[in-house]
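Remarks on the structure that follows.
Bear in mind that the values in this text are calculations on the coordinates, not laboratory data. Keep in mind the model is a prediction, meaning the values are calculated, not measured. Reconstructed Cβ throughout: ideal geometry from the backbone, glycine too, with neighbour counts over all protein chains shown.
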Amino acid sequence: MTLHPVPTPGAGSRVGGLDSRDAAAIKACCAVGYSSDLVSLLLGDSYHPGGLSLTRRLLDTLDLAPGERLLDVASGIGTSCLLAATEYDVRVDGVDLSPANVALASGGAAARGLGNRARFHNGDAEALPLPDHGWDAVICECALCTFPDKPTAAAEMTRVLRPGGRVGITDLTADQQRLPTELTGLGAWIACVADARSTEDYEQLLHDAGLRVARVEHHRDALDRMIHHLWARLDLLRIISRERLEAAGVDFARVRPVLGAAQAAVRDGILDYVLIVAEKPA
Ligand SMILES: C[S@@+](CC[C@H](N)C(=O)[O-])C[C@H]1O[C@@H](n2cnc3c(N)ncnc32)[C@H](O)[C@@H]1O
């Protein structure tokens, strides 16, 4: 979990309870934050708890058949898409708001000779630049929690899915009433915590978008492991490259209490990581 500069309040129309200018700023800030070298130093290639083993679990639950079309919404640097194309023999599209991530993902596909089976597009999850009913399955890993207008994003996933298709999300859940102050406010948005919802809220969101929830799994251990991993990486980076990281804006004094609060929140059941699969009626 990382913290990045946050937008100042604006005066636009309302989007998902937020001022529209704040919503746009949060999205832009999130895309920039998740394109930084620091994030890949801290998180590796897979920007979600559970890494590739949880991605494989998600893809297994979607029961993908060879040749099917899979869309990854907020595909980051393309790691899950490339795994799906190579291990599950599906054709994949990824959409991400960050042009830098899209470029890295496209480069990764070309380097692996997957250029004709893995395509990456720059775009917003709340207005996917893709036609209706074109995909057999859609995944979205650790990103729905950051979208300011979640109902629109869920409706977009449903729109691009063929009848009978499946959506699989993995995401952070939070009991917002019990969240410690270190993990609240706009400052925690890009850390995925500030607008994370309960499992029931995500289920309702998918239901309201016209999907039928078929499976719910809790993966709190994956979140706990990710926070331990972040502590370890930060400690190492502090030893080997403190000055450069501080020059790049990392405030160790500020990050450590946030990680500590996150670890306690996981232990107390305030934060969790959930996998949900839902189907679009045939
Ligand atoms: C936590 S990372 C997850 C990336 C990838 N799903 C993974 O698990 O490795 C969040 C990603 O969402 C992207 N993102 C944020 N807001 C977005 C939006 N509104 N539309 C599309 N992508 C978005 C960011 O650029 C970033 O790549």
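Annotations for the structure displayed:
- Rg in Å to one decimal, and Dmax rounded to a whole Å, for region 110-188 via C-alpha atoms: 15.9, 48
- Using θ = phi - 60° and Karplus 6.51 cos²θ - 1.76 cosθ + 1.60, couplings along region 258-266 (whole Hz; Gly, Pro as x): 5, 5, x, 5, 5, 4, 5, 5, 5
- With the simple model of a label 7 Å out from the Cα in the direction of the Cβ, Arg256 to Asp37 spans 2.5 nm.
- Amide H contacts under 5 Å for Val213: Glu279, restricted to partners 5 or more places along the chain or on a different chain, H placed in the peptide plane at 1.01 Å from N.
- Largest-first principal axis extents of the Cα set of region 145-282 (Å): 56, 29, 24
- With the simple spin-label model, which puts each label point 7 Å out from Cα in the Cβ direction, the Asp208 to Gln177 separation comes to 1.9 nm.
- Dipole moment magnitude, nearest 20 debye, the chain about Cα centre, only Lys, Arg, Asp, Glu C-beta charged: 380 debye
- Computed from backbone phi with θ = phi - 60° and the Karplus coefficients 6.51, -1.76 and 1.60, the 3J(HN,Hα) list for region 212-222 is 10, 5, 10, 7, 9, 10, 9, 10, 5, 4, 5 Hz; x is used for glycine and proline.
- Normalised contact order of region 155-282, rounded percent, pairs of Cα under 8 Å and 6 or more residues apart: 50 percent
- Whole-Hz couplings from phi, Karplus 6.51/-1.76/1.60, listed for region 247-254; x for Gly and Pro: 5, 7, x, 7, 9, 4, 5, 8
- Relative contact order (%) - the chain, alpha-carbon pairs under 8 angstrom, separation at least six: 20 percent
- Calculated on alpha-carbon atoms, Rg and Dmax of region 207-282 in Å: 18.1, 57
- Shape of region 36-155, Cα gyration tensor, a/c cut at 1.5: rounded
- Its alpha carbons give the chain an Rg and a Dmax of 18.0, 57 Å.
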